[in-house]
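Notes follow the structure.
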Amino acid sequence: MDLSAFLNPNWTNKKMNQEMNIHSPSTHDAEEDQRNRNIKIYVNGEIVPRDEARISVYDSGFMLGDGMWEGMRLYNGKWAFFDEHMDRLFNSCKAISLEIGLDRDGVLDALTQTARANNMTHDVHCRLMVTRGIKSKPFQHPSLSRFGPTIVIIMEHSKPAAHLQAKGITLATVPQVRGLPMSQDAKYNSHSKLNCVIACLQAEQAGADEGLMLDPHGFVNTTNACNFFIVRKGEVWTSTGDYCMNGITRQKVIELCRANGIPVFEKNYTLYEAYGADEAFLTGTFGAQTPIAEIDGKPIGMHEGIGPITARLQALYRDLITQVTGS
């Protein structure tokens, strides 16, 4: 992609959409919505048009990836699992000594203002980003961030693309692994995503949609973007959770299994078990549960599209969303 397009303020939205649509399918593919060309974005207390949303080149997030974020969805005017998202955000920020400058009610107010400014109430995806803010000098030390945090909220009209459910996506096992907690704990939903970006590139170069990442011991872990599950003989398996992101949708699926008599296990398992699975799917805030069609060129299961247990979990999850949001 031509980088001058990002640097040229006269680059048109039409060209941007054309450029950005040239990519492999992923769990974040959304149906085209023209309204997103004119969204308004929250930047440090101000809500500005998309083309005017700016942060400093001295910002810690831009310079170092020093920040945390949350992906959230709005249904019927309510944020799904808001408390769980705030638990993760505030815990992560506390762990890296990043003071947000807002309490939970303040974050909710900022979200509400942004949704209202965009006239958004349903099928909305939000990326809430918090960084350590502008630095006084272009160096690493956190003490150089002296001007308070940067908070940005981007909301888009966003529905997962229908083809994801009809066909499923393909995965390739990649050499990039999720690291040990003492290197960069995957439970941080941090701006520092280079390891995941590398995994995504490795998968794309292997001809797959996303990368299946192993843990440091060689067990199946997660993908570059989502948590990973398989189904074997009626049982749902996912990783131990020791090396994966603490996904909120992941946890909801585990709870739904336990509440509805579906055997579920958080355990170590290898590619051998994954290749022989009856079904496989990903979980994430945007796509909820996305079926997997193949791993490393090997078809998963004996069916096309969504397997029966994945379909049941999708229905249970939709019911849960209705319960918590009234949608």
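Against the conditions (1) charged (D, E, K, R); (2) surrounded by fewer than 17 Cβ atoms within 10 Å (Cβ to Cβ); (3) touching an Asp or Glu at 6+ places or on another chain (Cβ under 6 Å), Arg132 satisfies every one except (2).
Every residue, every condition in (1) surrounded by 22 or more Cβ atoms within 10 Å (Cβ to Cβ); (2) outside any helix (DSSP H, G or I); (3) touching a strand residue (DSSP E or B) at 6+ places or on another chain (Cβ under 8 Å); (4) not β-branched (Val, Ile, Thr), yes or no:
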site	(1), (2), (3), (4)
Thr240	no, yes, yes, no
Asn246	no, yes, no, yes
Thr249	yes, no, yes, no
Val253	yes, no, yes, no
Cys257	no, no, yes, yes
Glu273	no, no, yes, yes
Met302	no, yes, no, yes
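If only residues of region 32-47 that are surrounded by fewer than 11 Cβ atoms within 10 Å (Cβ to Cβ) and more than 23 Å from Arg132 (Cα to Cα) are counted, the one that is modelled with the lowest pLDDT is Glu32.
Test Gly71 against the criterion of being under 17 Å from Gly284 (Cβ atoms), of a type outside the set (Ser, Thr, Tyr) and surrounded by fewer than 20 Cβ atoms within 10 Å (Cβ to Cβ), and give yes or no. For Gly71, the condition - under 17 Å from Gly284 (Cβ atoms), of a type outside the set (Ser, Thr, Tyr) and surrounded by fewer than 20 Cβ atoms within 10 Å (Cβ to Cβ) - is met. On the given criteria, is Val174 buried (at least 20 other Cβ atoms within 10 Å of the Cβ) and assigned by TED's automatic domain parsing to the domain that holds Ile295? Taking the combined requirement at face value, the residue satisfies it.
Apart from one condition, Leu214 fits all of (1) in contact with a strand residue (DSSP E or B) (Cβ under 7 Å, 6 or more places away or on another chain); (2) at pLDDT below 95; the exception is (2). State all residues of region 148-169 that are assigned to a loop (DSSP other than H, G, I, E, B) and closer than 14 Å to Gly45 by Cα; if no residue qualifies, say none. Of everything in region 148-169, those that are assigned to a loop (DSSP other than H, G, I, E, B) and closer than 14 Å to Gly45 by Cα turn out to be Gly148, Pro149.
Here are the criteria: (1) out of contact with any Gly (no Cβ under 8 Å at 6 or more places or on another chain); (2) touching a residue at least 24 places away in the same chain (Cβ under 8 Å). Tell me which single one Asp109 does not satisfy. It fails just one condition, (2).
Would you confirm whether any residue within region 311-318 is among the charged types (D, E, K, R), exposed (fewer than 15 other Cβ atoms within 10 Å of the Cβ) and part of a helix (DSSP H, G or I)? The answer is yes, given that some residue of region 311-318 is among the charged types (D, E, K, R), exposed (fewer than 15 other Cβ atoms within 10 Å of the Cβ) and part of a helix (DSSP H, G or I).
Counting the residues of region 279-299 that are out of contact with any helix residue (DSSP H, G or I) (no Cβ under 8 Å at 6 or more places or on another chain) and either surrounded by 15 or more Cβ atoms within 10 Å (Cβ to Cβ) or in a strand (DSSP E or B) (or both) gives 5. A search for C-beta distances below 7 Å between a residue of region 234-247 that is under 11 Å from Pro263 (Cα atoms) and any residue that is at pLDDT 95 or above and aromatic (Phe, Trp, Tyr), counting only pairs 6+ apart in sequence or on different chains, returns Glu235/Phe265; Val236/Phe229; Trp237/Phe229; Trp237/Phe265; Trp237/Tyr269. Glu235 meets the conditions (1) farther than 27 Å from Leu320 by Cβ; (2) out of contact with any strand residue (DSSP E or B) (no Cβ under 6 Å at 6 or more places or on another chain) in every case but one. The failed one is (1). Within region 38-54, residues that are farther than 10 Å from Ile153 by Cα and assigned by TED's automatic domain parsing to the domain that holds Cys126 reach partners that are of a type in the set (Asp, Glu) and modelled with pLDDT of 95 or more with beta carbons closer than 7 Å, at six or more positions or on different chains, in the pairs Ile39/Glu156. Out of Ala199, Ala206, one residue alone is in contact with a strand residue (DSSP E or B) (Cβ under 6 Å, 6 or more places away or on another chain), closer than 27 Å to Glu294 by Cα, buried (at least 18 other Cβ atoms within 10 Å of the Cβ) and at pLDDT 95 or above. It is Ala199. The residues of region 301-327 that are in contact (Cβ under 8 Å) with a residue 12 or more places away in the chain and small (Gly, Ala, Ser), listed by number, are Gly301, Gly305, Gly307, Gly326, Ser327. All of Arg50, Arg54 fail the test of being at pLDDT 75 or above and surrounded by 14 or more Cβ atoms within 10 Å (Cβ to Cβ), apart from Arg50.
The values are calculated or read from the model by the stated rules, or taken from the named source; none is laboratory data. Computed from a prediction, not measured in an experiment: that's the story for all the values here. Cβ coordinates were reconstructed from backbone atoms using ideal geometry, including for glycine residues, and neighbour counts include every protein chain displayed.
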